[in-house]
Amino acid sequence: MIIKERMTATIEGDFVVLLIGMRINQFWKIHRWLPVVMAMGRMLRELYTRPELGLLHHEMAISRTFILVQYWRSMDQLMAYAKNKDAEHLPAWRSFNRSVGSDGSVGIWHETYAVSAGDYENIYSNMPPFGMGKAGQLEKVAGRKESAAGRLGQPNP
């Protein structure tokens, strides 16, 4: 459903944005990169069936470099999931290190950002609910939220 109005999204309290992905460096080594893709699918299924783990939402872009943008409730929940011996992540990470290691066939990466309440801004126009708009709450842009400065709680120029 396309929302034609200008919208902005909010998430109550602090939250975490995790950018995570992989890059296929050697396409012909499908036996190296396909298990990484499959492991991410298993992790996402687990996270969506267990909301108490802290994932709020994710978006994905696929090209030579797979990019996932994940929104987490807290850094504590993200770190607990990463270290949980009974969850999908830790075995997948260990398997990657054993089977791929540093052979150069598949690159993996992540960047993690702790976001303080109100220290972000966004705008969506002619878009379906997306990104933070799915992780949090969408609202129509009005009043002081008409500008990026206003959405950040700063004085409008």
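The values are calculated or read from the model by the stated rules, or taken from the named source; none is laboratory data. Just so you know, these numbers come straight off a predicted model, no measurement behind them. Don't worry about glycine lacking a Cβ; one is built from the backbone with ideal geometry, like all the others, and counts go over all protein chains shown.
Filter the helices (runs of 4 or more DSSP H) completely within region 1-104 down to those with at least 2 residues that are at pLDDT 95 or above and within 22 Å of PRO129 (Cβ to Cβ).
30-49
Exactly one condition in (1) surrounded by fewer than 15 Cβ atoms within 10 Å (Cβ to Cβ); (2) farther than 17 Å from GLY136 by Cβ is not met by GLU88; state its number.
Of the numbered conditions (1) surrounded by fewer than 15 Cβ atoms within 10 Å (Cβ to Cβ); (2) farther than 17 Å from GLY136 by Cβ, the odd one out for GLU88 is (1).
For region 105-136, which residues satisfy the criterion of being part of a strand (DSSP E or B) and either under 16 Å from the mean Cα position of the chain (by Cα) or farther than 28 Å from HIS89 by Cβ (or both)?
Across region 105-136, the qualifying residues are ILE108, TRP109, HIS110, GLU111, THR112, TYR113, ALA114, VAL115, TYR124, MET127.
Looking at region 64-115, which of its residues are out of contact with any strand residue (DSSP E or B) (no Cβ under 9 Å at 6 or more places or on another chain) and of a type in the set (S, T, N, Q)?
ASN84, SER95, ASN97, SER99, SER102, listed by residue number.
Just to be sure before I move on: is ARG32 touching a residue at least 40 places away in the same chain (Cβ under 8 Å), within 23 Å of TRP109 (Cβ to Cβ), of a type outside the set (Val, Ile, Thr) and surrounded by 15 or more Cβ atoms within 10 Å (Cβ to Cβ) in the structure I sent?
Judged against the criteria, ARG32 is a match.
May I ask you to list the residues in region 120-148 that are touching a Lys or Arg at 6+ places or on another chain (Cβ under 7 Å), surrounded by 16 or more Cβ atoms within 10 Å (Cβ to Cβ) and either farther than 20 Å from VAL17 by Cβ or among the polar types (S, T, N, Q) (or both)?
Passing the criteria: VAL141, LYS145.
When you scan region 53-61, do you find a residue that is surrounded by 17 or more Cβ atoms within 10 Å (Cβ to Cβ), more than 30 Å from ILE30 (Cβ to Cβ) and out of contact with any helix residue (DSSP H, G or I) (no Cβ under 8 Å at 6 or more places or on another chain), even just one?
no
Got at least one residue in region 117-131 being in contact (Cβ under 8 Å) with a residue 40 or more places away in the chain, hydroxyl-bearing (Ser, Thr, Tyr), more than 17 Å from MET38 (Cα to Cα) and touching a His at 6+ places or on another chain (Cβ under 8 Å)?
Checked region 117-131: no residue is in contact (Cβ under 8 Å) with a residue 40 or more places away in the chain, hydroxyl-bearing (Ser, Thr, Tyr), more than 17 Å from MET38 (Cα to Cα) and touching a His at 6+ places or on another chain (Cβ under 8 Å).
Anything in region 34-67 that is closer than 22 Å to GLU12 by Cα and touching a Leu at 6+ places or on another chain (Cβ under 8 Å)? List them, or say none.
LEU47, TYR48, LEU53, GLY54, LEU55, HIS58, GLU59
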